[in-house]
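Asker: Got a structure for you, questions after.
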Amino acid sequence: MADGEQCREEQYAKLEDLRISLDRGGAGEEEGGDGEGEGEGEHGGGFGFSLCVWIYLSGSARPSSIILKQKTSESEDEAPFLVLNEENKLILLPLILIHKEAPSSENPFPWTDMFHTAAEMDCPLEKWFHVGCQVAENYMRLHVDGKLVGEKSLFVLSSKHCQDDMKKIILVGNDGNLGGYIYHVQVLPISASVSEHFVKNPPAKLSLDNSCILDGVEEGGDGVWSIVGGKASCRRNFSLEVVLLDAFGRSVHREMEVVASLLYADSGTPVEKTRDDAEAPLLTSCDGLEYPSTDRPVMLLRGRATYKLKISQLSSKCDNRLFRVCFHPLHGQRYPFLEAYSCPIRCISRNRSNRTLGIGKRSLSTTVLLDEIHLLKASDGLQAIRDVYGNGQLKASNQSDLKCSPQSKHFKVEDNRSTTEVVANGSSEQRKNQEMRINNFEGTDSGPSDSESTDLKDLDSRWSQNSVVSDVAIFRYCLESTFERSMILKQLIASASNEDIANFAEQVCLYSGCSHHRNQILVSKHLVQEGDDTWNSISRKNQRALWMDAISEINNKFMMVANSASRPLSGQDLEILRGIAGCGDDLGREEFDRMWYWLYPVAFALSKDRINRIWKCLSPKWIEGFITKEEGESALKGPGGLQKAGTFVLRFPTSRSWPHPDAGSLIVAYVGTDCIIHHRLLSLDHRDRDSRLLQDLLLEEPELSQLGRVVRQNSSSCAS
């Protein structure tokens, strides 16, 4: 199906409603499908048919289950035809009345003891897969997702009566124990191509776009999201995107209104209002106003919809139960594959009393911040920032104090010395040096960042009395989502002076308790200007540009910002960027900005000496490239299960984008001693002066012992 072609909803049906009659010589008449084709094909044994169908099995499906049964019109006896064996693999069995090897209703379980052909791979659950069953006089073949996975030769009982006997056979779907669904069922001639049916008209599935930025969402190591909710004065927006994709991952352009609702994660029942006059549990923001999410469905546009939501219910007020956000079409029949669910959500109130604060922390002075802004205006702004912040290394004691626990949210690099003050003429005075420590960070803070905290008691604020930036803008920035923050920054850099921007950065760090906001604010002018220049070069004043034409310019800009002339973006890196942009063969400005706001902070982080060294290191390759969370976890799994404890890989989170304070940060994914894969944010202080390699610091971690390997195919680089 080409990008934009629609799936017909009437082709979806329950597996238990499937009934295929072969009484027309293989032409097939079935309920729950759209049978087509004539069955008098000549191939091999002289007669036969090809059954092609898309199948979706629910998560409750268990091994040793029948998918399709075969019976005759003259008897109620049944025998299996297509089954899941005890190892969760698909098995195809011969036809009754036709083949000597056919099963009977009297055959005992297990089916693996019967004559069959089987697929080697496990049968997927909660995912569409295509099955093709070719059955002739002297053979049967099993196809999965267009590929031949099993074939066996057969012996016919009576070639004289084959045609008549096949007319008596009926294929029936499972009686409902599997919770399965079917799509685009066809019985074709034995000579028909199964692969052509596979690619012709794939089904669709609604899902959450995990490659996009999760604004306002804290991702815990246990897979639970933390979101700030509760009363109107405290709750925050969080943004989620849903996509309608076909089985090949392509956008499906279909008119569909999708509504969001809040459910209990353990039971799937709706979260209800605590009283009649209370607010709805899940709210959506529109034009600055809040509405019950169920009253404001969103129309899919190019197979995608974005939701700005708020939760008014706290988990603590609901017996500490977790929630989920459910997305489903407003109209039409409910199908599980047209429903998308978020991860479990713990809705918390904004309470900083539980947050671990840095010890002895002090902020950069306004003079330092202003000096950095001036340096950004220089001809080599990127190098200037590196000069001010140093090489991205930490001053450490001889004995590393880097520690990690499975419960911590991220590895945190904490510098307990005061910041070096830089005066206008470029001279510096070292005020105080203390021993650097790298500590664990743990807590359930509701802030939008996994970043370090700033100790408000030690923070020396130097707010300019003549600043044009209002307190309202500062507090809005602290409370709003990433998208709203980007809009505030764009307005700010368009009119504010460098001193105002420096003061704004300091005040945001003060009131938000997160010093990592500073970097995102200070690079705003450079990021936006570089993005404008790059887009103008790509689009050439057009509304949209071809993705293939944009690749070269994107790659050149990346290598320039990242100081990575020796390592351009690979083909897989570009596909990750394409997924973040959410574009097809072409992209518009909105899609470009979505990609650029993720790429620029990553490239800027790679420009720092410590990370730049491991990025350029290819043997071993410490950072494979841009990989998803799923790819990182796959690299930590072997044929027999998880790799040994301590194996780790490094990746950039695809859910953090400018101006999120963690944009451009590295994540360590590793196998813990508890045999669970953990994901920890590696928080580096960019103003340190420790000369030790990041590789050495990582391997000093008790939880980290060896670098894992990410196996990627077609990793050819993009020419600059």
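Asker: With r defined as the distance between the Cβ atoms of Glu87 and Lys541 and R0 fixed at 41 Å, what FRET efficiency is calculated, to the nearest 0.05? Could you put the intermediate results ahead of the total?
Answerer: Values: r = 59 Å, r/R0 = 1.44.
It comes out at approximately 0.10.
Asker: Please list the equivalent ellipsoid semi-axes of the stretch 508-651, computed as the square roots of five times the alpha-carbon gyration tensor eigenvalues, in descending order and whole angstrom. Don't jump to the answer; show the numbers that get you there.
Answerer: Working: eigenvalues 156, 90, 48 Å².
For the stretch 508-651, the ellipsoid semi-axes come out as 28, 21, 16 Å.
Asker: Ok, one more. List the relative contact order of the stretch 206-350 as a percent without decimals, with contacts defined as Cα pairs under 8 Å and 6+ residues apart. Don't jump to the answer; show the numbers that get you there.
Answerer: Values: 326 pairs, mean separation 48.6, N = 145.
That works out to 34 percent.
Asker: As an exercise, use a Förster radius of 51 Å and the Cβ-Cβ distance of Glu700 and Ser495 to find the FRET efficiency, rounded to the nearest 0.05.
Answerer: Numbers: r = 47 Å, r/R0 = 0.93.
Working from the Cβ atoms, E equals 0.60.
Asker: Looking at this model, which pairs from Lys127/Lys152; Lys167/Lys200; Lys541/Lys629; Lys69/Lys200; Lys308/Lys621; Lys147/Lys629 are more than 32 angstrom apart at the alpha-carbon? Display every interim value, and only then the final one.
Answerer: Working: Lys127/Lys152 27 Å; Lys167/Lys200 28 Å; Lys541/Lys629 36 Å; Lys69/Lys200 26 Å; Lys308/Lys621 39 Å; Lys147/Lys629 28 Å.
Result: Lys541/Lys629; Lys308/Lys621 exceed 32 Å.
Asker: Can you tell me the Rg and Dmax of the stretch 111-260, counting just the alpha carbons, in angstroms?
Answerer: Rg, Dmax (Cα atoms, Å): 23.0, 81.
Asker: Would you please give the residues with an amide H less than 5 Å from that of Thr117, counting only those at least 5 places away or on a separate chain, with H modeled from the backbone geometry?
Answerer: Leu92
Asker: Using the 10 angstrom Cβ neighbour count as an exposure proxy, how do Ser207, Ser316 rank, fewest first? Walk me through the numbers on the way to the answer.
Answerer: Numbers: Ser207 18, Ser316 13.
Fewest-to-most Cβ neighbours within 10 Å comes out as Ser316, Ser207.
Asker: Taking H as built 1.01 Å from N, whose amide H comes closer than 5 Å to the amide H of Cys514, not counting residues under 5 places away?
Answerer: It is Thr454, by chain and number.
Asker: Now, a different point. Give me, ordered by chain and number, the residues 5 or more places off Phe47 or on other chains with an amide H under 5 Å from its own placed amide H.
Answerer: Result for Phe47 returns Glu137.
Asker: Would you compute the Debye intensity of the stretch 234-329 from its alpha-carbon atoms alone, equal scatterers and no solvent, and pass along log10 I(q)/I(0) at q = 0.21, 0.22 Å⁻¹ to two decimals?
Answerer: These q points yield log10 I(q)/I(0) values of -1.07, -1.14.
Asker: Right, something else. Can you work out the FRET efficiency for the pair Thr306 and Ala232, with r the C-beta to C-beta distance and R0 = 30 Å, to the nearest 0.05?
Answerer: On the way: r = 22 Å, r/R0 = 0.74.
Efficiency, from the Cβ-Cβ distance: 0.85.
Asker: Neighbouring Cβ atoms within 10 Å as the yardstick, rank Ile554, Ile614, Ile311 fewest first.
Answerer: Details: Ile554 23, Ile614 18, Ile311 26.
Fewest-to-most ranking of Ile554, Ile614, Ile311: Ile614, Ile554, Ile311.
Values in this text are rule-based calculations from the coordinates and carry no lab data. In this text the structure is predicted, and so the values were computed from the model without any measurement. All Cβ positions, even for glycine, are placed from backbone atoms using ideal geometry, and neighbour counts span all protein chains on display.
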